[in-house]
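The values are calculated or read from the model by the stated rules, or taken from the named source; none is laboratory data. Since we're looking at a predicted model, the values are computed, not measured. In this analysis, Cβ positions are derived from the backbone assuming ideal geometry, glycine residues included, and neighbour counts consider all displayed protein chains. Each accessible area value is taken on the protein alone, full model and side chains, heavy atoms only, with ligands, DNA and RNA left out. Shrake-Rupley method; radii C 1.70, N 1.55, O 1.52, S 1.80 Å.
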Amino acid sequence: MGPLDLLRPDPPPRFGGAPDRNAYVELHNLIAAAERAREFGPSDRVRISRQHGVDLARAFLAERVALYQTILDDRLAGGDLDADDRGVLEHLAATLALRPVDLRAVHERAFGAAVSEAVADDYLSVSERLLIYKLQHVLGLDPRVADGAYGVIARDRLLRTVAQALSDGELGPDEEAQIALAESALSVELPPDVEAMLSQARSRWRARRGAMPTAKVDIRLDGKEIGRYQTAAQWSFVDVPRLETRFGASVLHSGRTSGLAMPGHVLSGRTRTGTAALTSQRLILEPDSGLPDEYRLGSVVQTLRFRNGVVVRTRNGRRIYVDPGRDLDAFYAVLYRAVEAGRAASPD
């Protein structure tokens, strides 16, 4: 029956009777060789138990459960459990003296496998949804357990879709639509922390690839100047010799600094705290008290992104370190694009 292979009985010992395992082997082989369920039954288990002096209603529970699971998986491979399948499984469970408690883990595993297959394409059709409800009923699962299992599996599948979309750290419109479709089709919601990750990735995509953002900035704009970004930040000047000693001039020249952290000992002067504003023409660092620092984007010759901030190098050799905190990714993306656009528009 099904994909079962015949088992080889253990050889009898030199002294004493046949090994107890051979009782299970005989029952297993009877079931494996049968073409139809009616060719075996509980009476065969009783007969074999008496012949071998082994109670097959108690002994070899793991083996009996494994046999049932093999037949269950084979019947589920067709995508459904029809009346014939259910009749075979019920007859098999009775023959193997398996109680509902013995089969609970097997049925929950089978239900989980069916759910995983159904949600593998990030979509749950009406027929697939009906099959899941049917399996929940046929396998005798507690509705709360089944609902919980479905929620875990579907949410895991949705999170895999999210992880794939965020592999580059950005969330474009097409990827966002795919996630929304999967969330709706699977009837699950993303946890708040994942929603926050998506929001950040969406901002990064817009800053790097979307239309240049516009933002209200708390400074007076000149003529056709456009506000691009504003965030809380702290900044200070950089001691250039210390910076080059720490990282090497070649690394700084190449711009390969995104994996590096800016150490405090290369900063000079006092650290100022306030607001960093970006426009289409300027970077303005407005402290909480005192006069602002202003840098024309056309005078910026390099921007370096570090793990904990940004270094802006101007044409006169000055380097300013700006730490926008959690806004680092978006701030740097807008800064880089604004500098490139400002440099292109500069008469120099």
Legend entry - Members of the range 219-264 that are of a type in the set (Asp, Glu) and either over 22 Å from Gly274 (Cβ atoms) or within 32 Å of the chain's Cα centre (by Cα) (or both): Glu244
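Has the range 244-255 got any residue that is of a type in the set (Asp, Glu), in contact (Cβ under 8 Å) with a residue 24 or more places away in the chain, within 20 Å of Val301 (Cβ to Cβ) and out of contact with any Leu (no Cβ under 6 Å at 6 or more places or on another chain)?
no
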Inset, instruction - For the range 114-136, enumerate the residues that are touching a residue at least 40 places away in the same chain (Cβ under 8 Å), assigned to a helix (DSSP H, G or I) and either open to solvent by 30 Å² or more (accessible area, probe 1.4 Å) or closer than 29 Å to Ala163 by Cα (or both). - result: Ser116, Leu131, Lys134
Inset, instruction - Determine which member of the set Asn308, Asn316 is without any contact (Cβ under 8 Å) to a residue 60 or more places away in the chain, surrounded by fewer than 19 Cβ atoms within 10 Å (Cβ to Cβ) and within 25 Å of Gly169 (Cα to Cα). - result: Asn308
Inset, instruction - Go through the range 47-74 and give me each residue that's surrounded by fewer than 19 Cβ atoms within 10 Å (Cβ to Cβ), among the basic types (Lys, Arg) and part of a helix (DSSP H, G or I). - result: Arg47, Arg50
Inset, instruction - Return the pairs, sorted by first residue and then second, in which the second residue is part of a loop (DSSP other than H, G, I, E, B) and at pLDDT below 80, the first residue lies in the range 196-218 and is closer than 15 Å to Leu278 by Cα, the beta carbons are less than 9 Å apart, and the residues are 6+ apart or on different chains. - result: Ala207/Pro213
Legend entry - Odd one out for Thr95 among (1) in contact with a Pro (Cβ under 7 Å, 6 or more places away or on another chain); (2) open to solvent by less than 60 Å² (accessible area, probe 1.4 Å); (3) under 26 Å from Tyr133 (Cβ atoms): (3)
Legend entry - Test: Asp323 is within 23 Å of Ala215 (Cα to Cα), open to solvent by 20 Å² or more (accessible area, probe 1.4 Å), under 31 Å from the mean Cα position of the chain (by Cα) and at pLDDT 95 or above: yes
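Kindly establish whether Ser43 is in a helix (DSSP H, G or I) and either touching a Cys at 6+ places or on another chain (Cβ under 8 Å) or surrounded by 16 or more Cβ atoms within 10 Å (Cβ to Cβ) (or both).
no
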Inset, instruction - State yes or no: is Leu166 crowded, with 17+ Cβ neighbours inside 10 Å and within 30 Å of Ala201 (Cβ to Cβ)? - result: yes
Legend entry - Any hit, the range 137-158, residues being over 15 Å from Ala185 (Cα atoms), open to solvent by 60 Å² or more (accessible area, probe 1.4 Å), among the charged types (D, E, K, R) and in contact (Cβ under 8 Å) with a residue 40 or more places away in the chain: no
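Table: residues versus (1) surrounded by fewer than 14 Cβ atoms within 10 Å (Cβ to Cβ); (2) more than 24 Å from Ala341 (Cβ to Cβ); (3) at pLDDT below 85.
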residue	(1), (2), (3)
Glu175	no, yes, no
Ser203	no, no, yes
Ala215	no, no, no
Gly227	no, no, no
Pro241	yes, yes, no
Val251	no, yes, no
Inset, instruction - Sort out which residues of the range 282-311 are outside any strand (DSSP E or B) and at positive phi, and write them in order of number. - result: Gly290
